[in-house]
1. Whole-Hz ³J(HN,Hα) for each residue in the range 51-68, computed from phi via Karplus 6.51 cos²θ - 1.76 cosθ + 1.60 with θ = phi - 60°, x for glycine and proline: what do you get?
2. Find how much the distance from ASN96 to GLU45 grows on full extension, using 0.36 nm per residue of separation minus their present alpha carbon separation; answer in nm with one decimal.
3. What do you reckon, how do HIS50, HIS55, HIS1 stack up by accessible area (1.4 Å probe), largest on top?
4. Of the accessible area of the range 34-108, with the probe set at 1.4 angstrom, what percent is carbon plus sulfur?
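The values are calculated or read from the model by the stated rules, or taken from the named source; none is laboratory data. Nothing here was measured: the structure is a model prediction, and the numbers come from that model. These area figures cover heavy atoms from the full protein model, side chains too; ligands, DNA and RNA do not enter into them. Shrake-Rupley method; radii C 1.70, N 1.55, O 1.52, S 1.80 Å.
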Amino acid sequence: HVTNMAIQPLLSYLTKVSAFQSVRTARETANTAASSLSAAASIREQPFAHPERAHEIVQVVMEALDSEVKPVVAKMWLYLSSPATTNILFKPIKNNILDAFSQLAKVIETEYLPADALLIDSPSPQSLSQKLDALLSSSSPLATQDPGASSPPPADQIPLPGS
């Protein structure tokens, strides 16, 4: 659910791309050279997928990672006592986001011109993975502690009254 909140615009775009590709392939297979699709057989020429529109979708999703996913991760840290559990629960979220962006990368590579790819400005899988890792660690209570604050001494080192 968290993934869908953050990347719904991208998932919608990818669904439209997939449908367009299926129709295009079916028409090419049927050899209908006079089809209405043949005049605009490129995804990049479709209103839903102009390079500018694809760029907007990427920007909206990247902003949603901070506005939608980060608060959920912060709540995970709040309610789960184990960092390992938080990491385990975050992994499917991260993988779903990376998978959607990997699909986008394939579409950009196969359907857009190099100049369009620069305009769309989709993050690389490595940089997106690093961003998600940073989002996870920055939401950790340990990341929000004052680095100058000292932690309390262990219980066995606290002086007892009268000693």
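1. x, 5, 5, 4, 4, 4, 4, 4, 5, 4, 5, 4, 5, 5, 4, 7, 7, 10
2. Separation in residues times 0.36 nm, less the Cα-Cα distance, equals 15.6 nm.
3. HIS1, HIS50, HIS55
4. 58
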